[in-house]
Amino acid sequence: MKKYYALLSILILCFCSTKEQETEKSPAHKAKLSVAVTHTTPIKIEKPFLEHIENWKEYKLLEEFAVKFYQTSPNEALSNALEMKSLVASLKDSIKPTIFNTPSFNARINVLFSEAERLADITFIPAIKTIEISNQVEKTLDAFSALNAKINTVLSQKKFEDAIGVSSSFIGLDTTKMDPISRKTVAVFDKKIKTKSASKKKAIQTKSVLPDYKNTKRKKSFQKLKLNN
């Protein structure tokens, strides 16, 4: 009896597997592979910071190519997946602007590479579902968006540090777009600036109320000389 149930289970599994493969090869499935899907557009590099990356050719190539995935069909996504992986690999191995050569920034690139690699890998899976392709495209674009957000954060910090002594609100930094660590750093700088300004203001006020002993002494000597005469 046990052998009978085991044989029946195997037959059911084989039937289900065959049925799924037939479904994936059906005209309806092929039609879905050609339907364009609109994905979340990644965060853009802020205009004031574009000059810092204009000579980073590996990034520029990736940025231009990534547009192909903003609205794409699963078929188109798969056909562009290998080139996407290649461009991300080039970015990973490229000579980055010095300001981006940090562990946290490299971590964002590594995440992007992992997602692009996964997208390229599914091109070799025969029975891949359209929803799985679209989900992986979305993950890859999310990773690219996170990289762009990091670029904006790093350059915002640089802008602030270059203008140290001036409040972040005065130089127009939008701290709402920064990650928690960056916002905390900016808050510390702002606090130091306010404390420094308050101390300076207090010193000026104190100086203004202190008597000018040198002039006072001269004035008393002059009055004494005048009385004696």
Legend entry - Subset of the stretch 114-158 (residues that are surrounded by 15 or more Cβ atoms within 10 Å (Cβ to Cβ) and hydroxyl-bearing (Ser, Thr, Tyr)): Thr123, Thr130, Ser134, Thr140, Ser145, Thr153, Ser156
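Name the residues in the stretch 29-83 that are part of a helix (DSSP H, G or I) and of a type in the set (A, V, I, L, M), would you? So that I can check it myself, show each step before the final result.
Let us first name the residues in the stretch 29-83 that are part of a helix (DSSP H, G or I), namely 29-32, 47-52, 57-69, 74-83.
Scanning the stretch 29-83 gives Ala31, Leu50, Leu61, Leu62, Ala66, Val67, Ala77, Leu78, Ala81, Leu82.
Could you go through the stretch 124-135 and let me know if any residue there is assigned to a loop (DSSP other than H, G, I, E, B) and of a type in the set (Val, Ile, Thr).
Scanning the stretch 124-135 turns up at least one residue that is assigned to a loop (DSSP other than H, G, I, E, B) and of a type in the set (Val, Ile, Thr).
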Inset, instruction - Look at the stretch 87-124 and say how many of its residues are modelled with pLDDT under 95 and either under 11 Å from Ala143 (Cβ atoms) or in contact with a strand residue (DSSP E or B) (Cβ under 8 Å, 6 or more places away or on another chain) (or both). - result: 0
Inset, instruction - Could you pull out the residue among Leu82, Leu78 that is surrounded by fewer than 16 Cβ atoms within 10 Å (Cβ to Cβ), in contact (Cβ under 8 Å) with a residue 24 or more places away in the chain and either aliphatic (A, V, I, L, M) or over 30 Å from Ala127 (Cα atoms) (or both)? - result: Leu82
Inset, instruction - State yes or no: is Asn148 modelled with pLDDT of 95 or more and within 13 Å of Glu46 (Cα to Cα)? - result: yes
Legend entry - Criterion: surrounded by 11 or more Cβ atoms within 10 Å (Cβ to Cβ), out of contact with any Pro (no Cβ under 7 Å at 6 or more places or on another chain) and over 21 Å from Asn101 (Cα atoms) - qualifying residue of Ala36, Ala31: Ala36
Legend entry - Qualifying residues in the stretch 50-75 (those that are surrounded by 18 or more Cβ atoms within 10 Å (Cβ to Cβ) and hydrophobic (A, V, I, L, M, F, W, C)) - the one nearest to Ile131 (Cα to Cα): Phe69
Legend entry - Filter result for Phe105 (in a helix (DSSP H, G or I) and in contact with a Pro (Cβ under 6 Å, 6 or more places away or on another chain)): no
Inset, instruction - Starting from the stretch 140-151, take each residue that is farther than 14 Å from Ile53 by Cα and list its partners that are of a type in the set (Phe, Trp, Tyr) and crowded, with 19+ Cβ neighbours inside 10 Å, counting only C-beta distances under 9 angstrom and pairs at least six apart or across chains. - result: Thr140/Phe69; Leu141/Phe69; Phe144/Phe69
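The values are calculated or read from the model by the stated rules, or taken from the named source; none is laboratory data. All of these numbers come straight from a predicted model, not from anything done at the bench. Cβ coordinates were reconstructed from backbone atoms using ideal geometry, including for glycine residues, and neighbour counts include every protein chain displayed.
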